[in-house]
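Asker: Handing you this structure, nothing more for now.
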Amino acid sequence: MKLNYKRTLLVGMAFLLITAFWQAYDAIIPLILTNHYGLPQSASGAVMSLDNVLAVFMLPLFGAISDKVDTKWGKRTPFIFFGTIAAILFFVLLTFLDNYQLAKVIEAGIPELTQGGMSDAVFAEHTRKLAFDITVANPLPFVGFIATLLVTLISMATFRSPAVALMPDVTVKPLRSKANAIINLAGTLGGILVLVLGIVFATAKNQYMQYTPYVLSVCAIMLVGFIIFLLSVKENKWAAQMEEEERRLGLTESTDEVQSPCDQKLSPAERRSLLLILASVALWYVGYNSITSKYSVYATNILGFDFNLTLIIAQVAAIISYIPVGIIASRVGRKKTVLSGVAMLAIAFFIGVFVTPSTPPFMMYPIFVLAGIGWATINVNSFPMAVELAKKGNVGKYTGYYYTASMAAQIIAPILSGVLYDLCGMRYTFFPFGAAFVVLSFVTMFFVKHGDCQPSQKLSVLEHLDVD
């Protein structure tokens with residue numbers, strides 16, 4: 001029983017383009033909302049939660065719909081095809097609408113304002129209020145921006161669950177942690193490429209820049225991944241081969257079991273574990289998303305750091321750790337591995353509390369290395385724990401459950417944290433808020449009893465990597 005790494009990496013091209021989009025989205029949309037439209041942090045947080053509001057309803061829906069689709073291109077590929085094309089087109093259009101607002105802001109002379117002895121944080125708040133006055137005076141550009149943003153997010157939501165569900169469709173159960181490591185590796189590569197583009201285009205240094213060239217470059221990365229996926233992935237063929245391998249290994253239900261509706265139900269203990277897994281997912285996503293959704297603003301306006309470089313370091317740390325944590329999970333089990341990742345993430349956020357504007361930027365690097373490893377450790381193993389409980393034919397539904405939990409959390413995170421930032425200031429609440437929710441997720445995951453894998457008895461690293 002060996003994982004086909006090449007095949008899994010090709011499937012991961014869909015995840016690469018998804019991650020590239022969200023990396024760019026999380027980097028520039030908060031800056032646009034705050035600096036170009038002048039929204040306060042609570043209102044910006046509410047807008048940043050729109051994708052998660054849509055996802056709560058759309059990801060389970062399209063995951064379940066894709067379970068029932070049967071085309072010559074497969075169950076998931078048609079959703080990836082149409083969703084990617086629409087998302088790219090509307091993402092580019094979004095920047096043109098922002099350019100119109102930006103021209104009005106520049107015309108008002110805001111970029112020519114001098115700090116006049118004000119701190120960076122005070123100056124940023126002063127210019128934000130001036131931009132907000134411009135938005136209030138003529139709200140139509142903002143309305144058009146939000147409407148286009150909604151269409152872009154809907155386009156992404158139509159294929160996210162189908163794209164993620166494709167990995168378990170073509171991978172036997174015992175190998176899904178390893179496969180998920182490869183999928184996340186591909187996704188992280190997309191994220192790093194976008195962060196490098198952020199450095200090239202200086203997205204962290206120019207408060208009033210036009211983002212069209214940057215977004216076009218991001219979309220080019222998405223298109224490369226999209227084309228590789230379309231030309232390489234044979235969904236129906238690979239899914240049939242996976243089913244045959246599971247039958248050969250005795251890992252699949254019998255025909256009678258598959259057809260019986262009663263056997264599709266979870267036992268009470270399994271249901272309890274599923275709910276605890278989903279609760280854990282929700283809690284650590286509240287903590288993690290409160291950091292990632294506003295880190296570009298916090299680093300730029302509060303700390304004066306280049307957020308792209310620190311995020312690249314976190315992504316590189318994640319890339320290095322993906323395969324090792326998949327191997328570790330196969331030895332000690334997914335639950336223990338996830339708990340160790342949660343602990344690392346909580347420690348990283350706690351240390352971040354002590355970083356101040358006077359702290360040398362390089363001191364942030366080890367914090368993000370630890371956070372990157374912790375998040376990779378969680379991600380590689382938590383999704384397989386959820387779909388491990390799925391019965392044959394409803395992997396898309398359980399993928400939807402997983403993303404419902406994560407997206408519901410990401411609705412709460414930017415709004416709740418944004419209100420807290422407005423009331424107490426970002427400086428003293430940013431990292432403590434994230435750390436608190438990550439710690440709570442450790443508690444719920446501790447009581448999970450199902451969804452784990454049997455620890456492997458293999459003896460060497462080469463055997464774990466399936467190298468002959």
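The values are calculated or read from the model by the stated rules, or taken from the named source; none is laboratory data. This is a predicted model, so every value here is computed, not measured. Counting neighbours? That spans all protein chains shown, and the Cβs are built from the backbone with ideal geometry, glycine included. Keep in mind that these areas ignore ligands, DNA and RNA; they rest on the heavy atoms of the full protein, side chains included. Shrake-Rupley method; radii C 1.70, N 1.55, O 1.52, S 1.80 Å.
Asker: Kindly establish whether Gly396 is of a type in the set (Gly, Ala, Ser), under 16 Å from the mean Cα position of the chain (by Cα), part of a helix (DSSP H, G or I) and over 17 Å from Pro174 (Cα atoms).
Answerer: Numbers: of a type in the set (Gly, Ala, Ser): yes; under 16 Å from the mean Cα position of the chain (by Cα): no; part of a helix (DSSP H, G or I): yes; over 17 Å from Pro174 (Cα atoms): yes.
No.
Asker: Against the condition part of a helix (DSSP H, G or I) and either modelled with pLDDT under 80 or crowded, with 20+ Cβ neighbours inside 10 Å (or both), how does Ser456 come out, does it pass? I'd like the intermediate steps shown before the answer.
Answerer: Values: part of a helix (DSSP H, G or I): no; either modelled with pLDDT under 80 or crowded, with 20+ Cβ neighbours inside 10 Å (or both): yes.
No: the conditions fail for Ser456.
Asker: Identify all residues within region 352-385 that are assigned to a loop (DSSP other than H, G, I, E, B) and open to solvent by 10 Å² or more (accessible area, probe 1.4 Å); write none if there are none.
Answerer: Initial filter on region 352-385 (assigned to a loop (DSSP other than H, G, I, E, B)): 353-360.
Those that are assigned to a loop (DSSP other than H, G, I, E, B) and open to solvent by 10 Å² or more (accessible area, probe 1.4 Å): Val353, Phe354, Thr356, Pro357, Ser358, Thr359, Pro360.
Asker: Count, please, the residues in region 404-446 that happen to be hydroxyl-bearing (Ser, Thr, Tyr) and closer than 20 Å to Pro40 by Cα. Let's see the steps before the verdict.
Answerer: Just the residues of region 404-446 that are hydroxyl-bearing (Ser, Thr, Tyr), to begin with: 404, 406, 417, 421, 428-429, 441, 444.
Next, only the ones that are closer than 20 Å to Pro40 by Cα stay: 417, 421, 428-429.
Here the count works out to 4.
Asker: Still on this model: Do you know which residues across region 329-343 are of a type in the set (A, V, I, L, M) and buried (at least 21 other Cβ atoms within 10 Å of the Cβ)?
Answerer: Taking region 329-343 first, the residues of a type in the set (A, V, I, L, M) are 329, 332, 338-339, 342-343.
Hits for region 329-343 are Ala329, Val338, Val342.
Asker: If Ile323 satisfies all but one of (1) touching a Ser or Thr at 6+ places or on another chain (Cβ under 6 Å); (2) surrounded by fewer than 21 Cβ atoms within 10 Å (Cβ to Cβ); (3) not basic (Lys, Arg), what's the number of the condition it fails?
Answerer: (1)
Asker: Does Val448 fit the bill of being among the β-branched types (Val, Ile, Thr), outside any helix (DSSP H, G or I) and at pLDDT below 80? Talk me through it step by step, then tell me what you get.
Answerer: Values: among the β-branched types (Val, Ile, Thr): yes; outside any helix (DSSP H, G or I): yes; at pLDDT below 80: no.
The answer is no for Val448.
Asker: Residue check, Ile411 against (1) at pLDDT 85 or above; (2) surrounded by 19 or more Cβ atoms within 10 Å (Cβ to Cβ), all met but one. Which one?
Answerer: Among (1) at pLDDT 85 or above; (2) surrounded by 19 or more Cβ atoms within 10 Å (Cβ to Cβ), the lone unmet condition for Ile411 is (1).
Asker: I've got another one for you. So if I check each of Ile199, Ile154, which one is over 19 Å from the mean Cα position of the chain (by Cα) and not in a loop (DSSP other than H, G, I, E, B)? Walk me through how you get there before you give the answer.
Answerer: On the way: Ile154 fails: over 19 Å from the mean Cα position of the chain (by Cα).
Testing whether each residue is over 19 Å from the mean Cα position of the chain (by Cα) and not in a loop (DSSP other than H, G, I, E, B) leaves just Ile199.
Asker: Looking at Leu54, Leu9, Leu50, Leu61 in this structure, which one is open to solvent by 20 Å² or more (accessible area, probe 1.4 Å), of a type in the set (A, V, I, L, M) and closer than 23 Å to Leu175 by Cα?
Answerer: On the way: Leu54 fails: closer than 23 Å to Leu175 by Cα; Leu50 fails: closer than 23 Å to Leu175 by Cα; Leu61 fails: closer than 23 Å to Leu175 by Cα.
Exactly one of Leu54, Leu9, Leu50, Leu61 is open to solvent by 20 Å² or more (accessible area, probe 1.4 Å), of a type in the set (A, V, I, L, M) and closer than 23 Å to Leu175 by Cα, namely Leu9.
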